[in-house]
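Student: Questions regarding the structure given below will be posed in turn.
Each value in this text was obtained by applying a stated rule to the coordinates, not by laboratory testing. All values derive from a computational prediction rather than experimental measurement. Note that we place each Cβ from the backbone using ideal geometry, even for glycine, and neighbour counts take in every protein chain shown.
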Amino acid sequence: MPRLQLELNLPNQLTLLRIALTPVFVAFLLSDSLTLRQLSLAVFVIAALTDWYDGWIARKMGYTTRWGKFLDPLADKILSSAALLAYVSLGLVDAWMVWVVIFRDFLITGLRSYAELHDQPIVTSRGAQAKTFGEFVVIYYILILYVIRSIPIVYQEWGFTIDSLMHPRVLFGMMLLVTLSTVGTGIAYLFDNRKMIRELLEQLHWRRPA
């Protein structure tokens, strides 16, 4: 089996930074300090920007590596999953939907990483790209409104509007759409790549000790 060798070029360093910023973001968001809650938005944006920047550098400078292809999508899922779990902790979204999204994301990311490791890259479908875009729209929507709500002078003026936009039914509906698209694209992914999955299961069967 091909082996991964970590190459600490700039794109991979940015990817590792994204992972390192994730617990900082969660700690700030869940803090009792209004200032830290507000700073959580900046930390999240910085972490998300590293995803765009490391990809841009990798393509422009030719720094694309097998390790980067493995780690980059994993870092994205760690960041988005941490945000969703933080929302569960804050009582903003339902846990069952978040766990469905997380399970699907890490399952598909693992299969994609396996394919990359065996030089069988899989092109992300438009449906999966739309799902990821929609997921981050919901994450940003909740995060921005939650942070704005922690600014007293703004909340005094726009509190009713903010509460309406963050009404449990609104957030439930948005997360439900994300969950349904997550399940749908996940099933489509498994169906389209059933041959690769069958080969993976066969390899795992033959490697299992008798």
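Student: Can you give the FRET efficiency for Asp163 and Leu34, using 1/(1 + (r/R0)^6), R0 = 22 Å, r = Cβ-Cβ distance, to the nearest 0.05?
Tutor: 0.80
Student: If you don't mind, there's one more thing I want to ask. If R0 is 45 Å, what FRET efficiency do you get for Ser89 and Lys195 from their C-beta distance, rounded to 0.05? The partial results should precede the final answer.
Tutor: Details: r = 40 Å, r/R0 = 0.89.
For Ser89 and Lys195, the calculated efficiency is 0.65.
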